[in-house]
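Comments concern the structure below.
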Amino acid sequence: MPVPAVPRPGLRDDGYPTISSREQQSTEDMVRSCLPAFEPAPEGEGGGVDTSECQELTLLRAKHVRFLNEGLESLGGGYSCLDASRPWLCYWILHSMALLDAPPTKELASRSARFLSKCQSPGGGFCGGPGQLPHLAPTYAAVNALATLGTREALDVIDRKSLHSFLLSCKDPCGGFRMHHGGEIDVRGSYCALNAAFVAGVLTDELKEGCAAYIASCQTY
(Lines give C-alpha, C1' and ligand atoms only; values in the text may rest on other atoms or scores of the structure.)
Protein backbone atom coordinates (compact mmCIF):
# COMPACT_ATOMS: atom_id res chain seq x y z
CA MET A 1 0.00 0.00 0.00
CA PRO A 2 1.57 3.33 -1.02
CA VAL A 3 2.63 5.68 1.75
CA PRO A 4 0.81 9.03 1.50
CA ALA A 5 2.91 12.09 0.85
CA VAL A 6 3.94 13.95 3.99
CA PRO A 7 2.36 17.42 4.17
CA ARG A 8 4.86 20.26 4.40
CA PRO A 9 3.10 23.36 5.70
CA GLY A 10 6.30 25.19 6.60
CA LEU A 11 6.90 27.90 9.15
CA ARG A 12 4.75 31.04 9.24
CA ASP A 13 6.42 33.96 10.98
CA ASP A 14 4.03 36.60 9.59
CA GLY A 15 7.00 38.45 8.17
CA TYR A 16 8.56 39.11 11.59
CA PRO A 17 11.45 36.66 11.98
CA THR A 18 12.89 36.13 15.45
CA ILE A 19 15.68 34.04 16.90
CA SER A 20 13.09 31.40 17.77
CA SER A 21 11.53 31.39 14.30
CA ARG A 22 14.94 31.09 12.66
CA GLU A 23 15.79 28.14 14.91
CA GLN A 24 12.42 26.61 14.05
CA GLN A 25 13.08 27.08 10.33
CA SER A 26 16.49 25.46 10.69
CA THR A 27 14.94 22.47 12.44
CA GLU A 28 12.20 22.14 9.82
CA ASP A 29 14.76 22.25 7.02
CA MET A 30 16.79 19.53 8.72
CA VAL A 31 13.74 17.30 9.15
CA ARG A 32 12.54 18.01 5.61
CA SER A 33 15.85 16.75 4.21
CA CYS A 34 15.08 13.35 5.76
CA LEU A 35 11.56 13.04 4.32
CA PRO A 36 12.34 11.85 0.76
CA ALA A 37 13.10 8.36 2.10
CA PHE A 38 9.46 8.09 3.12
CA GLU A 39 7.89 9.39 -0.10
CA PRO A 40 5.97 6.93 -2.33
CA ALA A 41 8.19 5.22 -4.87
CA PRO A 42 7.84 6.54 -8.45
CA GLU A 43 5.03 5.08 -10.58
CA GLY A 44 5.98 1.72 -12.01
CA GLU A 45 8.40 0.83 -9.24
CA GLY A 46 5.95 -1.00 -7.02
CA GLY A 47 4.80 1.85 -4.78
CA GLY A 48 5.61 2.24 -1.11
CA VAL A 49 8.85 3.42 0.41
CA ASP A 50 12.23 2.38 -0.92
CA THR A 51 13.31 0.09 1.90
CA SER A 52 16.92 0.24 0.78
CA GLU A 53 16.99 3.83 2.04
CA CYS A 54 15.37 2.93 5.38
CA GLN A 55 17.71 0.24 6.67
CA GLU A 56 19.22 2.60 9.22
CA LEU A 57 15.73 3.20 10.67
CA THR A 58 15.33 -0.41 11.84
CA LEU A 59 14.19 -0.53 15.47
CA LEU A 60 16.77 -2.47 17.46
CA ARG A 61 14.10 -3.92 19.72
CA ALA A 62 16.20 -6.41 21.70
CA LYS A 63 18.82 -3.76 22.49
CA HIS A 64 16.15 -1.29 23.58
CA VAL A 65 14.56 -3.89 25.85
CA ARG A 66 17.90 -4.71 27.43
CA PHE A 67 18.67 -1.02 27.93
CA LEU A 68 15.27 -0.42 29.56
CA ASN A 69 15.60 -3.39 31.90
CA GLU A 70 19.04 -2.21 32.96
CA GLY A 71 17.66 1.28 33.58
CA LEU A 72 14.86 -0.06 35.73
CA GLU A 73 17.41 -1.96 37.80
CA SER A 74 19.81 0.95 38.33
CA LEU A 75 21.01 4.15 36.70
CA GLY A 76 24.43 5.76 36.58
CA GLY A 77 25.52 8.87 38.43
CA GLY A 78 24.73 11.01 35.40
CA TYR A 79 21.06 10.69 36.27
CA SER A 80 21.48 12.26 39.71
CA CYS A 81 20.19 15.56 38.31
CA LEU A 82 16.81 13.82 37.96
CA ASP A 83 16.57 12.98 41.64
CA ALA A 84 13.31 14.95 41.83
CA SER A 85 11.95 13.16 38.75
CA ARG A 86 12.28 9.54 39.78
CA PRO A 87 8.64 8.60 39.06
CA TRP A 88 9.19 10.02 35.59
CA LEU A 89 12.13 7.69 35.05
CA CYS A 90 9.91 4.77 36.05
CA TYR A 91 7.14 5.94 33.74
CA TRP A 92 9.39 6.56 30.74
CA ILE A 93 10.97 3.13 31.10
CA LEU A 94 7.78 1.18 31.83
CA HIS A 95 5.83 2.93 29.07
CA SER A 96 8.60 2.18 26.58
CA MET A 97 8.60 -1.47 27.66
CA ALA A 98 4.83 -1.60 27.17
CA LEU A 99 5.15 -0.14 23.66
CA LEU A 100 7.72 -2.82 22.86
CA ASP A 101 5.44 -5.51 24.35
CA ALA A 102 8.25 -6.46 26.72
CA PRO A 103 6.92 -6.10 30.29
CA PRO A 104 9.34 -6.38 33.21
CA THR A 105 9.66 -9.59 35.18
CA LYS A 106 7.23 -10.09 38.07
CA GLU A 107 10.06 -9.42 40.53
CA LEU A 108 11.12 -6.20 38.81
CA ALA A 109 7.50 -5.06 38.45
CA SER A 110 6.97 -5.62 42.16
CA ARG A 111 10.11 -3.67 43.03
CA SER A 112 8.97 -0.82 40.82
CA ALA A 113 5.56 -0.71 42.50
CA ARG A 114 7.15 -0.76 45.95
CA PHE A 115 9.49 2.08 45.03
CA LEU A 116 6.65 4.22 43.71
CA SER A 117 4.73 3.57 46.92
CA LYS A 118 7.61 5.25 48.76
CA CYS A 119 7.13 8.34 46.58
CA GLN A 120 3.49 8.70 47.65
CA SER A 121 2.88 11.55 50.08
CA PRO A 122 0.93 10.76 53.26
CA GLY A 123 -1.31 13.70 52.38
CA GLY A 124 -1.98 12.45 48.87
CA GLY A 125 -0.30 12.72 45.50
CA PHE A 126 3.20 11.62 44.61
CA CYS A 127 6.57 13.28 45.12
CA GLY A 128 9.60 13.45 42.86
CA GLY A 129 11.32 11.02 45.22
CA PRO A 130 10.86 9.53 48.69
CA GLY A 131 10.48 12.24 51.33
CA GLN A 132 10.03 15.09 48.85
CA LEU A 133 7.01 17.36 48.33
CA PRO A 134 3.95 16.18 46.38
CA HIS A 135 3.71 17.68 42.90
CA LEU A 136 1.31 17.20 40.01
CA ALA A 137 4.02 16.24 37.52
CA PRO A 138 5.38 13.22 39.43
CA THR A 139 1.80 12.41 40.43
CA TYR A 140 0.94 12.07 36.75
CA ALA A 141 4.06 9.99 36.13
CA ALA A 142 3.57 7.69 39.14
CA VAL A 143 -0.11 7.03 38.50
CA ASN A 144 0.53 6.23 34.85
CA ALA A 145 3.55 4.08 35.67
CA LEU A 146 1.49 2.05 38.14
CA ALA A 147 -1.35 1.75 35.64
CA THR A 148 1.14 0.60 33.01
CA LEU A 149 2.36 -2.12 35.36
CA GLY A 150 -1.27 -3.08 35.77
CA THR A 151 -0.76 -5.63 38.56
CA ARG A 152 -2.99 -5.75 41.61
CA GLU A 153 0.01 -4.80 43.75
CA ALA A 154 0.73 -1.76 41.57
CA LEU A 155 -2.87 -0.55 41.36
CA ASP A 156 -3.34 -0.95 45.11
CA VAL A 157 -0.45 1.47 45.72
CA ILE A 158 -2.62 4.43 44.71
CA ASP A 159 -4.45 5.89 47.70
CA ARG A 160 -7.38 7.17 45.70
CA LYS A 161 -9.05 9.07 48.53
CA SER A 162 -5.95 11.07 49.43
CA LEU A 163 -5.10 11.52 45.74
CA HIS A 164 -8.47 13.14 45.15
CA SER A 165 -7.98 15.38 48.19
CA PHE A 166 -4.52 16.43 46.98
CA LEU A 167 -5.81 17.25 43.50
CA LEU A 168 -8.62 19.33 44.97
CA SER A 169 -6.12 21.17 47.16
CA CYS A 170 -4.21 22.16 44.02
CA LYS A 171 -7.34 23.47 42.29
CA ASP A 172 -7.42 27.24 41.87
CA PRO A 173 -10.57 29.40 41.66
CA CYS A 174 -9.58 30.34 38.08
CA GLY A 175 -10.30 26.75 37.04
CA GLY A 176 -6.67 25.69 36.66
CA PHE A 177 -4.40 23.73 38.97
CA ARG A 178 -1.24 24.69 40.82
CA MET A 179 1.59 22.27 40.13
CA HIS A 180 2.19 22.09 43.89
CA HIS A 181 1.06 24.00 46.94
CA GLY A 182 2.17 27.59 46.41
CA GLY A 183 3.36 26.77 42.91
CA GLU A 184 2.61 28.02 39.42
CA ILE A 185 -0.68 27.61 37.58
CA ASP A 186 -0.57 26.54 33.93
CA VAL A 187 -2.10 24.06 31.51
CA ARG A 188 0.42 21.39 32.56
CA GLY A 189 -1.31 21.33 35.90
CA SER A 190 -4.70 20.84 34.27
CA TYR A 191 -3.46 17.97 32.14
CA CYS A 192 -1.51 16.23 34.91
CA ALA A 193 -4.32 16.56 37.45
CA LEU A 194 -7.17 15.52 35.16
CA ASN A 195 -5.22 12.65 33.66
CA ALA A 196 -4.17 11.26 37.05
CA ALA A 197 -7.73 11.57 38.32
CA PHE A 198 -9.15 9.85 35.24
CA VAL A 199 -6.66 6.98 35.31
CA ALA A 200 -7.16 6.46 39.05
CA GLY A 201 -10.93 6.62 38.70
CA VAL A 202 -11.43 9.70 40.88
CA LEU A 203 -12.33 12.30 38.24
CA THR A 204 -15.26 14.23 39.72
CA ASP A 205 -17.29 17.23 38.57
CA GLU A 206 -15.61 19.20 41.34
CA LEU A 207 -12.20 18.61 39.75
CA LYS A 208 -13.46 19.36 36.24
CA GLU A 209 -15.29 22.56 37.16
CA GLY A 210 -13.97 25.56 35.22
CA CYS A 211 -11.17 23.57 33.55
CA ALA A 212 -12.36 23.97 29.97
CA ALA A 213 -12.84 27.71 30.34
CA TYR A 214 -9.40 28.09 31.96
CA ILE A 215 -7.66 26.14 29.20
CA ALA A 216 -9.54 28.11 26.53
CA SER A 217 -8.41 31.35 28.19
CA CYS A 218 -4.78 30.29 27.72
CA GLN A 219 -5.06 30.43 23.94
CA THR A 220 -3.11 33.17 22.20
CA TYR A 221 -4.56 35.34 19.49
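So here's what we get for this one:
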| quantity | calculated |
| --- | --- |
| Verdict on Ala102 being of a type in the set (A, V, I, L, M, F, W, C) and at pLDDT below 90 | no |
| Any hit, segment 125-135, residues being over 18 Å from Ala196 (Cβ atoms) and outside the structural domain of Phe38 (by TED's automatic domain parsing) | yes |
| Any pair with Cβ under 6 angstrom, 6 or more apart, that starts in segment 123-143 at a residue that is under 20 Å from Leu155 (Cβ atoms) and ends at one that is assigned to a strand (DSSP E or B) and of a type outside the set (A, V, I, L, M, F, W, C) | Gly125/Pro134; Phe126/Gln120; Cys127/Pro134 |
| Count of segment 74-95 residues which are under 18 Å from Ser117 (Cβ atoms) and without any contact (Cβ under 8 Å) to a residue 40 or more places away in the chain | 2 |
| 2 or more residues within 29 Å of Ser112 (Cα to Cα): qualifying helices (runs of 4 or more DSSP H) within segment 125-221 | 136-149, 152-157, 160-170, 187-200 |
| Failed criterion for Lys106 (all others in (1) under 20 Å from Trp88 (Cα atoms); (2) basic (Lys, Arg); (3) out of contact with any strand residue (DSSP E or B) (no Cβ under 9 Å at 6 or more places or on another chain) hold) | (1) |
| Close pairs (6 angstrom Cβ cut-off, 6 or more residues apart or separate chains): assigned by TED's automatic domain parsing to the domain that holds Pro36 in segment 5-20, modelled with pLDDT of 85 or more and outside any loop (DSSP other than H, G, I, E, B) anywhere | Leu11/Gln24; Leu11/Gln25; Leu11/Glu28; Asp13/Ser21 |
| Residue check for Asp156: charged (D, E, K, R) and farther than 23 Å from Ser96 by Cα | no |
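The values are calculated or read from the model by the stated rules, or taken from the named source; none is laboratory data. Keep in mind the model is a prediction, meaning the values are calculated, not measured. As a convention, Cβ positions derive from the backbone with ideal geometry for all residues, glycine included, and neighbour counts pool all protein chains shown.
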